[in-house]
Amino acid sequence: MTATLSLDLADEAATGDLGRRLATLSRPGDVILLSGNLGAGKSTLARAFVQALTSEDEEVPSPTFTLVQVYEAEAGDIWHFDLYRLDKPDDAFELGIEDAFHGGISVIEWPDRLGGLTPRRRLEVALSAGASEGSRRATLSSHDQWDDRLKDLAP
Ligand SMILES: Nc1ncnc2c1ncn2[C@@H]1O[C@H](COP(=O)(O)OP(=O)(O)O)[C@@H](O)[C@H]1O
Ligand SMILES: [Mg+2]
């Protein structure tokens, strides 16, 4: 099943709020794909997501060069990927993507790099520029995962 939801994010704080709300609703096995151009707010959302499940003080660097950063949380391990520099989908195995998908909570920037390894069950979050300066639009679409939880995110 697929469901969609569009949200206006007025400012950076609103993007963080969405990250925190997603975190609160997340479960082991979830795969959250964050797409959008450079500067769209993917890492901002991911940082708030991780901090909500670890600590406000948790350092959440963008895994631009390491490609993945894993955080231990009570809810399970959180795997934050930035696949911009992934040369080919198969290289994701070396990053532990199978462990992430089974039992971890995965938050993935530049998920298009996964190609055929994109999991069937996933939540897609697409970020784009909003109507006003500093605003963003988030379009969420669930795919056999999160269908029932999207309504909890509606304003
Ligand atoms: N509504 C907003 N949501 C998220 N970031 C915003 C917003 N408005 C302005 N920004 C700025 O845009 C940039 C987003 O950067 P980042 O989260 O690293 O993007 P990405 O990971 O998509 O490349 C930051 O400099 C942030 O301060
Ligand atoms: Mg980023």
For region 8-20, enumerate the residues that are crowded, with 21+ Cβ neighbours inside 10 Å and of a type in the set (A, V, I, L, M, F, W, C).
-> Leu9, Leu18
By residue number, the members of region 21-80 that are in a strand (DSSP E or B) and either away from ligand 1 (no atom under 14 Å from the Cβ) or open to solvent by 40 Å² or more (accessible area, probe 1.4 Å) (or both) are Val31, Ser35, Val68, Gln69, Val70, Tyr71, Glu72, Ala73, Gly76, Asp77, Ile78, Trp79
Working carefully through the options Asp112, Asp91, find the one that is acidic (Asp, Glu), assigned to a helix (DSSP H, G or I) and open to solvent by less than 60 Å² (accessible area, probe 1.4 Å).
-> Asp91
Condition test on Leu140, is it touching a Phe, Trp or Tyr at 6+ places or on another chain (Cβ under 9 Å), over 19 Å from Tyr84 (Cα atoms) and not polar (S, T, N, Q)?
-> yes
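The values are calculated or read from the model by the stated rules, or taken from the named source; none is laboratory data. Since we're looking at a predicted model, the values are computed, not measured. As a convention, Cβ positions derive from the backbone with ideal geometry for all residues, glycine included, and neighbour counts pool all protein chains shown. Note: accessible area is taken over every heavy atom of the protein model, side chains too, but ligands, DNA and RNA are not part of it. Shrake-Rupley method; radii C 1.70, N 1.55, O 1.52, S 1.80 Å.
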